[in-house]
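Following: one structure in structure tokens, then a few remarks.
What follows draws every value from the coordinates through simple rules; no lab data is involved. If you're wondering where the values come from, they're calculated on a predicted model, not measured in any experiment. Note that we place each Cβ from the backbone using ideal geometry, even for glycine, and neighbour counts take in every protein chain shown.
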Amino acid sequence: MTLRLYDTAAREIRDFDPVVPGKASLYLCGATVQAPPHIGHIRSGVSFDILRRWLTASGYEVTFCRNVTDIDDKIIRTAQETGVPWWAVAEQNQRAFTRAYNVLGCLPPDVEPRATGHVPEMIVLMRRLIEAGHAYAAGGDVYFDVSSQPDYGCLSGQRLEHMRPAGDTEGADAKRDPRDFALWKGHKPGEPSWETPWGPGRPGWHLECSAMATKYLGPTFDIHGGGLDLVFPHHENERAQSTAAGDGFARYWMHNGLVGIAGEKMSKSLGNSLLVDAMVTEVRPAELAADPAAIGPATDLAAIPVPFAAALDDDLGVPLALAVVHGAVHAGNAALAAGDSSGSAKHLTEVRAMLGVLGLDPLAEPWSAGGGSEGLREVISALVTVALDQRQAAKARKDYETADKIRDRLADAGITLEDTPRGTRWELGR
Ligand SMILES: [Zn+2]
């Protein structure tokens with residue numbers, strides 16, 4: 001079955017047809033590291049981790065780029081209020097985000113570029129836009145001329161005449177049109193700045209993603225993702241500036257839903273956010289990551305039941321895929337109760353393969369043992385050692401039936417034993 005994905009730009013589910021056969025390039029708008037993450041911030045990380053894992057499990061060679069916005073108004077404000085350098089605020093919060101991604105089992109991206117490390121690429125993009133008549137320098141800022149792009153608004157389905165002014169700079173007087181958005185923000189006293197041919201300043205949010213996505217994935221790439229709240233203005237503006245510069249940019253736009261509490265979007269400013277660090281002290285990280293409405297390498301595709309694969313191929317139908325997991329768990333328990341060890345082992349293999357795709361395999365994922373994957377391996381190692389000691393003791397008293405039972409029960413749990421002249425070796429298989 002062909003992988004089909006809902007494309008926000010086309011407003012329909014489309015067959016996934018990558019730029020390069022067998023490869024998939026994926027850009028996800030990552031964290032703006034202005035505060036520690038709440039679970040709403042990590043939602044897109046979990047969702048697109050499943051997409052990335054499923055693409056990999058389906059045989060694609062995936063390149064996954066997730067950026068870090070390490071300069072913005074709030075980072076600067078926090079630095080000014082606390083006396084901590086802006087870069088230290090960003091660094092501390094980026095570490096908190098990395099911890100949260102790890103504890104929820106999100107695989108690290110292939111590249112995690114930071115905005116402030118890509119100013120030269122942004123200058124090149126601004127120069128291309130200015131030379132093509134799509135951008136202009138004014139009042140120390142550089143703006144994108146929205147009226148120069150006839151299809152501006154097409155991603156979010158809006159018409160230019162219905163749009164309100166872009167409130168992204170204070171010096172809006174300098175704009176030719178109040179709806180023009182800032183590519184670059186001119187320097188203000190007390191703020192960090194970088195030199196450009198149009199004066200010192202700092203990056204606009206939209207510009208940085210276009211510069212980083214095309215640097216790592218090429219002028220045309222497969223999938224651009226983010227939360228639904230990024231469709232406008234952020235993704236609309238990314239698309240406008242990149243296509244205006246002549247790049248093909250993203251071929252599919254995917255957006256995950258937002259985490260809400262009592263019908264409201266979760267956000268720090270609304271005071272209803274739940275920090276990931278706090279949440280994982282109350283619920284198991286696997287439960288947090290297993291939000292069915294959200295979207296994992298996977299894994300031997302041959303062990304995955306067909307209905308599970310069909311559910312994920314159909315625009316990542318995670319709820320239906322979870323139902324298949326539950327069915328296999330139920331069948332495995334029934335086989336176990338009936339003493340059918342080969343049946344239970346088969347279902348265990350299926351369940352682990354499916355959970356691997358969802359980033360939820362309790363024996364493979366770093367969230368599963370509190371202390372990370374190393375901690376989990378230590379726990380398993382200790383438990384297997386106890387079982388091997390019991391098996392050795394049974395053999396010593398010639399109780400081979402019990403010894404075999406211990407070996408079989410370990411096999412049911414995915415642990416295979418090999419007796420060698422120097423003792424018993426064990427291995428955690430699937
Ligand atoms: Zn972005």
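May I ask you to derive the relative contact order of segment 384-429, considering only C-alpha pairs under 8 Å and at least 6 residues apart, and to give it as an integer percent?
24 percent
Express the relative contact order of segment 155-240 as a whole percentage, based on alpha carbon pairs under 8 Å and six or more residues apart in sequence.
RCO, segment 155-240: 26 percent.
Using only the Cα atoms of segment 141-224, what semi-axes does the equivalent ellipsoid have when each is the square root of 5 times a gyration tensor eigenvalue? Give whole Å, largest first.
23, 20, 10
Of the GluC sites (Glu not before Pro) in segment 108-181, which ones lie in a loop per DSSP and count no more than 16 other C-beta atoms within 10 Å?
Sites meeting the loop and neighbour criteria: 170.
Using amide H atoms built in the peptide plane, which far-off residues or other-chain residues are under 5 Å from residue 177 H to H?
none
Report the percentage of all Cα-Cα pairs in segment 105-166 whose separation exceeds 20 Å, rounded to a whole percent.
Above the 20 Å cut-off, segment 105-166 has 50 percent of its Cα pairs.
Of the peptides 61-70, 404-413, how do they stack up when ordered by the mean number of other Cβ atoms within 10 Å, highest first?
The most tightly packed comes first, giving 61-70, 404-413.
Taking one equal scatterer on every alpha-carbon of segment 87-244, how large is log10 of I(q)/I(0) by Debye at q = 0.08, 0.16, 0.17 1/Å?
At q = 0.08, 0.16, 0.17 Å⁻¹ the computed log10 ratios are -0.25, -0.98, -1.09.
Just from the alpha-carbon atoms, what are the Rg and Dmax of segment 1-128 in angstroms?
That works out to 17.1, 56 Å for Rg and Dmax.
Residue by residue, what Karplus-based ³J(HN,Hα) values in Hz, rounded to whole numbers, does segment 319-330 have, using 6.51, -1.76 and 1.60 with θ = phi - 60° and x for Gly and Pro?
Along segment 319-330, the couplings run x, 5, 4, 5, 5, 5, 4, 4, x, 5, 5, 4 Hz.
Of 23/346; 346/398; 185/215; 346/395, which sit over 24 Å apart, Cα to Cα?
Checking Cα-Cα distances, 23/346; 346/398; 346/395 exceed 24 Å.
For segment 141-158, just list the computed ³J(HN,Hα) in residue order, Karplus coefficients 6.51, -1.76 and 1.60, θ = phi - 60°, integers in Hz, with x standing in for Gly and Pro.
9, 10, 10, 8, 8, 5, 6, 7, 10, x, 9, 4, x, 5, 5, 8, x, 10
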